[in-house]
Structures are given as C-alpha cells and as structure tokens.
Amino acid sequence: MLRSYLARPTKAKGKNKMKCYIHQEIDSVGICKSCQKAVCISCAIDTGKGIACSKECENDVYDLNAIIDKSKRIYSIGTSSKLPPTGIIMYFIFTLLFISWGIYNSMNRERIDYFTLLMGAGFLVITIMAYVRNKKLNLNC
Ligand SMILES: [Zn+2]
Ligand SMILES: [Zn+2]
C-alpha cells in the first residue's frame with residue numbers, strides 16, 4: 001500500500017502534464033477551446049478568452065465566445081425578468097391607470113394622493129426597465 005503510494009508521484013508527473021499535439025516532446029500550456037487539443041506556447045493562439053490551436057480554431061473560438069456571451073446575456077435577462085413583451089403593455093396600462101387614478105383622487109380630495117401616484121411611478125419604472133431589457137434582447141438576436 002505504502003510502496004504503491006510512493007511509486008505514484010513520478011508516474012503521475014508525466015501523466016498530469018499533457019504534451020502539445022504537434023510537438024510531442026513539449027509540455028502543453030493549454031487546451032484549444034474549439035477542438036480540445038493540447039497546445040504548447042508556440043502553437044497556442046490567445047483569443048483573449050481561451051486558447052486556439054490553429055487559425056481555423058481561432059475563428060471557432062471567437063464564434064464560441066460570441067455565442068456564450070449572447071446566451072449569458074439572454075440568460076441574465078431571463079432570470080431577472082420572465083416577462084413576455086405583452087407584460088410590458090400590461091405594466092404600461094397599470095402605469096396609466098394608477099397615475100390617472102392618482103390625479104383623479106388628488107383633484108377630488110383636493111390633496112395629492114401620494115400612494116396611488118407612487119404606485120403609478122413604480123409601474124412606470126418597471127415598464128421602462130422591461131422595455132429597455134426587451135429592446136436589448138432584440139438588438140442582440
Ligand atoms: Zn483546435
Ligand atoms: Zn506545439
């Protein structure tokens with residue numbers, strides 16, 4: 001048990017470090033993000049977000065990064081707002097309702113109905129936020 005434990009480190013050393021797929025004798029510095037091949041420092045092309053092994057893979061990695069970025073953006077929009085575009089119209093109607101109701105109450109009671117107007121303002125903010133998010137999503141697709 002102890003012997004096999006002691007014997008392992010020297011073996012594991014060579015195993016852990018992958019060699020470049022072109023230069024079998026040189027240790028790799030990373031793995032191509034597109035084709036998953038190990039590459040050495042002279043073969044690796046740094047795309048800024050991951051390593052590519054060739055010009056073709058470099059383009060693939062850029063595409064991949066663009067897709068990841070896009071899906072990230074869509075995902076973040078999806079989690080913060082699950083509203084379909086009709087939700088924006090709904091909120092806009094609520095905004096108009098609360099504000100007109102607030103103004104109506106204010107005029108009727110001859111004092112400002114802060115609560116209703118504030119509700120309207122709140123809905124206005126939600127409407128704008130939902131609209132901006134939706135517009136961003138459409139632009140990126
Ligand atoms: Zn590659
Ligand atoms: Zn190499």
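In the range 13-57, which residues are part of a helix (DSSP H, G or I) and either more than 11 Å from ligand 1 (Cβ to nearest atom) or in contact (Cβ under 8 Å) with a residue 24 or more places away in the chain (or both)?
13, 14, 15, 16, 57
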Query - Meets criteria (within 30 Å of residue 31 (Cβ to Cβ), exposed (fewer than 12 other Cβ atoms within 10 Å of the Cβ) and at pLDDT 85 or above) for residue 67 - result: yes
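The values are calculated or read from the model by the stated rules, or taken from the named source; none is laboratory data. Please read all numbers here as calculations on a predicted model, not as lab measurements. Cβ atoms come from the backbone with ideal geometry, glycine included; neighbour counts cover every protein chain shown.
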